[in-house]
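Structure, as structure tokens:
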Amino acid sequence: MPSRSRAIADDLRHKVSTGHFKAGERLPSEAQLATRYMVSTPTLRSALALLQGEGLVEKIHGSGNYVRRPLRRITYVGGGASPIPTLRATVRTTNLEAHGDLPALLNVPPLSPLTEFLYVTHDGKVPHSLARIYVPRELAPTDCPAPEQMRARLADLCPPLSEIQERLGARLPTQEESTALRISASLPVLSLTRVATDTAGRVVEAALVVLPGDRADALFTTCLTTDEGISTE
């Protein structure tokens, strides 16, 4: 027999799928729902947490729980996510010194001068993805280019790029990421670390990208070749 919280989550999910609660609509307050289902507030919150983890319900602190509008998915295909023209990006630039994991990530001494570009994309009012891009201070552009413009500038560097290494993993978001992306702390995210190195062996960019699992996919394509010179007889 399903737990009471799962039964409540199933009922709320059914109400959403049948249009009783519509996309963007605010759900009744937690106190009202707890009374309606005759359960304690912690049990009701456990049910809502299940729906938040599925990406069906979004909790906005100070406002309440809302039925989340369908989100368009990003496909990460290597070197960057597929662009969605209507996504709006905000960027914040910060000059800092290499600390924590950054010296090892960029292969620089601790306290080396870096510039951080913090990008957050939005689909309407909903945060869609988050990226922190670090470059040595002397290579940092004076403006705030879009991520694809940053990649184009890297391609024009001298000495040229030699290697771009990307590492993809899945994990739960940090509290900061959960707040910035307005997602449940129980919703897994795709975590991508991209490091670009030039032919002199210098790391010219390190990017930390976070893509919520309810709106992102990763696509990898392997091109296979056949050796026509090999006889099959």
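The values are calculated or read from the model by the stated rules, or taken from the named source; none is laboratory data. Here the structure is a predicted model, which means the values were calculated and not measured. Please note: Cβ atoms are built from the backbone with ideal geometry, for glycine as well, and neighbour counts cover all protein chains shown.
Among the residues of the stretch 3-19, how many are crowded, with 16+ Cβ neighbours inside 10 Å, under 12 Å from L44 (Cβ atoms) and among the aliphatic types (A, V, I, L, M)?
Initially, the stretch 3-19 is screened for residues crowded, with 16+ Cβ neighbours inside 10 Å, giving 4-5, 8-9, 12-13, 16.
From what's left, under 12 Å from L44 (Cβ atoms): 4-5, 8-9, 12.
When the remaining residues are screened for being among the aliphatic types (A, V, I, L, M), the result is 8-9, 12.
Selection size over the stretch 3-19: 3.
Being within 28 Å of G53 (Cα to Cα), small (G, A, S), in contact with a helix residue (DSSP H, G or I) (Cβ under 9 Å, 6 or more places away or on another chain) and surrounded by 16 or more Cβ atoms within 10 Å (Cβ to Cβ) narrows it down to one residue among A207, A185; which is it? Break it down into steps so the answer makes sense when it comes.
On the way: A185 fails: surrounded by 16 or more Cβ atoms within 10 Å (Cβ to Cβ).
After applying the criteria, what remains is A207.
Just a yes or no: is a residue in the stretch 149-163 part of a strand (DSSP E or B), loosely packed, with under 14 Cβ neighbours inside 10 Å and either among the hydrophobic types (A, V, I, L, M, F, W, C) or over 20 Å from the mean Cα position of the chain (by Cα) (or both)?
yes
Of all residues in the stretch 114-126, at least one satisfies being within 30 Å of R13 (Cα to Cα), of a type in the set (D, E) and in the same structural domain as E205 (by TED's automatic domain parsing). Across the stretch 97-104, not a single residue is classified as charged (D, E, K, R), surrounded by 16 or more Cβ atoms within 10 Å (Cβ to Cβ), assigned to a strand (DSSP E or B) and in contact with a Leu (Cβ under 9 Å, 6 or more places away or on another chain). With respect to (1) without any contact (Cβ under 8 Å) to a residue 12 or more places away in the chain; (2) crowded, with 17+ Cβ neighbours inside 10 Å, the lone exception for Y76 is condition (1).
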